[in-house]
1. Convex hull over the Cα atoms of region 154-234, averaged projected area in nm²?
2. Please identify, among Gly371, Gly89, Gly70, the residue showing maximal mean-square fluctuation in a Gaussian network model of the chain using a 10 angstrom Cα cutoff.
3. Run the accessible area of the chain with a 1.4 Å probe and give the carbon-and-sulfur part as a rounded percent.
4. Please report the Cα spread of the chain along all three principal axes, rounded to whole Å, starting with the longest.
5. Could you give each residue of region 94-109 its phi-based ³J(HN,Hα) in whole Hz, using Karplus coefficients 6.51, -1.76, 1.60 with θ = phi - 60°, and x for Gly or Pro?
6. Given the pairs Lys220/Lys263; Lys7/Lys168; Lys126/Lys263; Lys123/Lys262; Lys126/Lys262; Lys123/Lys359, which span a C-alpha to C-alpha distance of over 31 angstrom in this model?
7. Under a 1.4 Å probe, what is the accessible area of the chain per residue, stated in Å²?
8. Could you give me the ³J(HN,Hα) list for region 156-172, computed from phi with Karplus coefficients 6.51, -1.76, 1.60 and θ = phi - 60°, whole Hz, x at Gly and Pro?
Amino acid sequence: MTSIKVKLRLSTVVGREGTIYYQIIHGRRVRQLTTMYHVRVEEWNEKRSSISLPASDPERLRVVTAIREGIRGDVDRMTRIAGRLQNSGAEYTVDDLVEAFRTYAVTYSVFNYMSAVIRRLVKNGKVRTSETYRAALASFRRFRNGADIMLDGLDSDMMEDYEAWLQKRGVRPNTTSFYARILRAVYNRAVDEGAIEDRRPFRRVYTGVDKTVKRALTLKTVRRIKALDLSLSPELDYARDMFMMSFMLRGMSFIDMSFLRKKDLRNGHIFYRRRKTGQLLSVEWTREMQMILDKYPGNDSDYLLPIIRCNGQCERNVYRNMAGRINSNLKCVARLAGVEIPLTLYVARHSWASVARNKGIPVSVISEGMGHDSETTTRIYLASLDTSVVDKANSLIIASL
């Protein structure tokens, strides 16, 4: 039988706050575990061994309420750990219980646990996924002002506060949902490990995906971009070339383009695996692609395209920096071509899919060309790419009124 009591150790200095500690008794042995919580003497109820909330000071009320919640979480956590040790059937001491509690407090805080998940993703080669987890962690850390919290301390109120915090900063709903889904995935991992009980903290926040207006260009517009004379602007010329290369490579994502190797081009085809899905794809190498490549000689790296030009550097950083520069320059290209939508490398992928569909190419073929796992993914991808057909039908209906 384990007993856990909350006590206050008074300060030897008059007027200074006392320190909360836990008295843990098991097997007739007693251990004291000092906490980081400090309260005033008048805020401590000795008879109930609990904190009394101040009524007159709103700021102090907030601090003391947080301390009380922290203590409650610690006691609940230690009780669950003691229960697991008891149910294991093995003998354990009060020292084992304290050590398990300390280890748990380090392992299953949000910041520490999420960082461990990120390291595991990197180790398993899921670098892109690790980057999205890192972005979500950085966002949540800012929301918390750097104050870590235990995973089992997450609740629906906090998640609603986090959602509202993001919204006030102009973060779009899909991004807000994206961060929430990542936090939920981390939380569920800890639940699956049996480390915490599922309190469903994400039940009141949005974790869906809004349909967005797809950024696709018509074939006529793509031709206009291709025909621009950018010979006096090498940076814009390069950005346009990479956009066209992505389009001609069946909307190949920029990360896949960046990491194509020279050895991947053989027998008139490029053979590569999609970084996102691992699917093996083959794309015919055409004269138009070679013409773009010939504009950029002197590439001594192992990579095919003039994106990562040196071996031994941090290739991923080079890829990210190049993507940012290209997308920035594409904004200027868009203005010169009279394109109204924000032009990015990803628009090339959307545009290839849209043009293919408008050419009557079956969804199954588009799906294979884009390297999607299923036609369902492609249909979602194609949804609302081009509303012109619907708009024309609506015009006919209105005209008949």
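The values are calculated or read from the model by the stated rules, or taken from the named source; none is laboratory data. Computed from a predicted model, the values in this text were never measured in an experiment. Neighbour counts are summed over all protein chains in view; Cβ atoms, including those assigned to glycine, are modelled from backbone coordinates with ideal geometry. For accessibility, only protein heavy atoms count, side chains too; no ligands or nucleic acids. Shrake-Rupley method; radii C 1.70, N 1.55, O 1.52, S 1.80 Å.
1. 9.4 nm²
2. Gly89
3. 52 percent
4. Ordered largest first, the chain gives principal extents of 84, 61, 42 Å.
5. With coefficients 6.51, -1.76 and 1.60, one gets 5, 5, 4, 5, 5, 5, 5, 5, 5, 5, 4, 4, 7, 6, 10, 7 Hz.
6. Checking Cα-Cα distances, Lys220/Lys263; Lys7/Lys168; Lys123/Lys359 exceed 31 Å.
7. Numbers: 22860 Å² over 401 residues.
Roughly 57 Å² per residue, with all protein chains present.
8. 5, 5, 5, 5, 5, 5, 5, 4, 5, 4, 5, 4, 5, 9, x, 6, 6
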